[in-house]
Amino acid sequence: KKMKKIIPIDQKQTGKPKHATMQVTVATLKNAEEPLQKILNCSSFDILLAYKLSKLTNKIKSELNDLEDMRVKLVHKYGKLQKSGEIIVQQNNLDKFHADMNKILAQQVELQKVEVKLEDLAGANLSPSDLVNIDFLITVK
């Protein structure tokens with residue numbers, strides 16, 4: 001008699017195992033932008049880790065592009081066209097502008113979890129503040 005293969009619930013729809021994910025805020029992604037760029041420019045990474053980080057960075061760039069689009073819309077909403085052609089948020093609208101931006105920055109984003117060991121980052125020339133900004137990626141065991 002054949003044994004029936006047991007398929008975990010998260011694999012039933014896709015046929016693939018579900019990847020571990022993490023929740024981070026848009027603000028966290030914005031702060032991680034520069035350190036991630038430094039990491040991607042480092043050539044001393046394991047090729048598989050570099051690939052995973054590249055995919056993660058593409059997702060982050062997409063989120064940050066959306067953030068910039070919303071920022072521009074808010075500048076148009078709360079700003080005034082200057083003679084120079086520039087749109088500047090008016091002083092009386094600054095609180096509203098900041099409140100709306102903070103709502104966007106506080107939004108949670110789901111990302112595929114990529115585990116990076118601190119020693120993997122040795123060749124990336126990251127500052128202590130860079131490490132703080134990407135601490136959601138770093139695994140310490």
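The values are calculated or read from the model by the stated rules, or taken from the named source; none is laboratory data. Computed from a prediction, not measured in an experiment: that's the story for all the values here. All Cβ positions, even for glycine, are placed from backbone atoms using ideal geometry, and neighbour counts span all protein chains on display. Just so you know, the surface numbers come from the protein's heavy atoms only, side chains and all, with ligands and any DNA or RNA stripped out. Shrake-Rupley method; radii C 1.70, N 1.55, O 1.52, S 1.80 Å.
Taking the structure as given and computing Kirkwood radius over Cα pairs in Å, which label from (1) 15.3; (2) 18.1; (3) 16.7 fits?
Answer by label: (2).
Calculate, in nm to one decimal, what ASP66 and GLU86 gain on full extension: separation in residues at 0.36 nm each, minus their alpha carbon distance.
Full extension of this stretch gives 5.1 nm more.
Give me the accessible area per residue for the chain, probe 1.4 Å, as a whole number in Å².
Each residue of the chain exposes 74 Å² on average to a 1.4 Å probe.
With each label point set 7 Å from Cα along the Cα-Cβ vector, what nm distance links GLN107 and ASP95?
Going by the 7 Å Cα→Cβ label model, 2.5 nm.
So for the chain, averaging the separation of alpha carbon pairs under 8 Å that are six or more residues apart and normalising by length, what relative contact order in percent results?
Computed over the chain, the figure is 38 percent.
Give the carbon-plus-sulfur fraction of the accessible surface of the chain in %, rounded to a whole number; probe 1.4 Å, heavy atoms of protein chains only.
Whole-percent figure for carbon plus sulfur exposure: 53.
Placing +1 at every Lys and Arg Cβ and -1 at every Asp and Glu Cβ, with all other atoms neutral, what dipole size does segment 19-99 have around its Cα centre, in debye to the nearest 20?
Dipole size: approximately 200 debye.
Using only helices, what value at 222 nm comes out for the chain when you add -39,500 (n - 2.57) per DSSP H run of length 4 or more and divide by the total residues, to the nearest 500 deg cm²/dmol?
Roughly -15500 deg cm²/dmol at 222 nm, from the helical runs in the chain.
Choose one of VAL75, PRO35, GLN23: the residue whose Cα lies farthest towards the positive end of the charge dipole of the chain (beta-carbon charges +1 Lys, Arg; -1 Asp, Glu; about the Cα centre).
Checked the options; the winner is GLN23.
Describe numerically, in nm with one decimal, the distance between label points set 7 Å from Cα along Cα→Cβ at ALA122 and at THR25.
In this crude spin-label approximation the distance works out to 3.5 nm.
Taking the Cα centre of the chain as origin and charging only Cβ (+1 Lys, Arg; -1 Asp, Glu), how large is the dipole, in debye to the nearest 20?
That gives the chain a dipole magnitude of about 1040 debye.
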